[in-house]
Structure formats: C-alpha cells, structure tokens
Amino acid sequence: MEVPKIFESEYRFCKIMWENEPVKSGDLVKLCSEQLGWKPTTTYTVIKRLSERGVLVNENSVVRALVKEDVVRTAEIDDLLEKKFEGSLPAFIAAFARNRRMSDADIDEVKKLIESMREKK
C-alpha cells in the first residue's frame, strides 16, 4: 500500500489528530485554532482533503486516522533517502551526524540498532 503524501501543514494537523483520536471534528477545529491559529474553514478543508486521499476518515463527525504516524514518518524518510541521497543509508547517516554532537549513549544505541539489523539477516 502506498502511503499518501502529507504536506507540512497537513502533518501538523495530523499530529494533533493522532494525539487525540478518535476526536470529534468540532473538537479538532478548536484544537487547530488553539495550536495552529487556523480558522474553522481551514480545518474542515484539511479534513476533507485528507479524507479524499485516504489518510483519515470522518464518520458521524468523528475523525480517526487510516494511516498511522509511524507509517507516515517511515514513508517520508524513505522519500528523503531516495531524493537526496540516491538511496544510500550510509550517506544519509554521514550527513545527519556530520554537524551534530552525539553522546556516547546515542552512539551505543545506534550501534545496537545496527547489530540487531545484522542479526535479522
């Protein structure tokens, strides 16, 4: 299943939805007004757009996700990896780590992740 593209403003909306789902659309309007400064029409437009793309469902004025946050994140990373790094995970990691200070605990955690991936082969 291909994950529908979610643009930046839609992603901010989705984060609110994911944190509160299932959520009444009226409550979502209120949350988006408070957290994003959106007018009600903007929220309802985004709900409609994301519903049409299969990201969420709005039944009886209750909104819930059809696509979960971790699935969207993974798809975005995969897309970034392909577009900017020609699919090279080592190039991505090198670029990511180049200007960041990583603690020993962070480095140990990455090592454990890599080792667990090696064991799954």
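So, VAL62, is that one surrounded by 12 or more Cβ atoms within 10 Å (Cβ to Cβ) and under 22 Å from LYS5 (Cα atoms) or not? Talk me through it step by step, then tell me what you get.
Numbers: surrounded by 12 or more Cβ atoms within 10 Å (Cβ to Cβ): yes; under 22 Å from LYS5 (Cα atoms): no.
No.
As a summary of the residue check, ASP27 satisfies the conditions (1) of a type in the set (D, E, K, R); (2) closer than 20 Å to GLU2 by Cβ; (3) more than 18 Å from the chain's Cα centre (by Cα) except for the one numbered (2).
Kindly indicate which of ASP104, ASP79 is of a type in the set (Asp, Glu), closer than 19 Å to ARG12 by Cβ and not assigned by TED's automatic domain parsing to the domain that holds ILE16.
Details: ASP104 fails: closer than 19 Å to ARG12 by Cβ.
Selected residue: ASP79, the only one of ASP104, ASP79 that is of a type in the set (Asp, Glu), closer than 19 Å to ARG12 by Cβ and not assigned by TED's automatic domain parsing to the domain that holds ILE16.
Exactly one residue out of GLU34, GLU19, GLU52 is more than 15 Å from VAL67 (Cα to Cα) and not hydroxyl-bearing (Ser, Thr, Tyr): that is GLU34.
Applying the set (1) among the charged types (D, E, K, R); (2) in contact with an Asp or Glu (Cβ under 9 Å, 6 or more places away or on another chain); (3) at pLDDT below 90 to ARG64 leaves exactly one unmet item: (3). Counting only residues that are in a helix (DSSP H, G or I), surrounded by fewer than 16 Cβ atoms within 10 Å (Cβ to Cβ) and more than 10 Å from the chain's Cα centre (by Cα), segment 3-24 holds 3 of them.
All conditions but one from (1) closer than 30 Å to ILE93 by Cβ; (2) out of contact with any strand residue (DSSP E or B) (no Cβ under 6 Å at 6 or more places or on another chain) apply to GLU59; the one that does not is (1).
The values are calculated or read from the model by the stated rules, or taken from the named source; none is laboratory data. What you are looking at is a predicted structure, and each value in this text was computed from that prediction instead of being measured. Neighbour counts run over all protein chains shown; Cβ positions are idealised from the backbone, glycine included.
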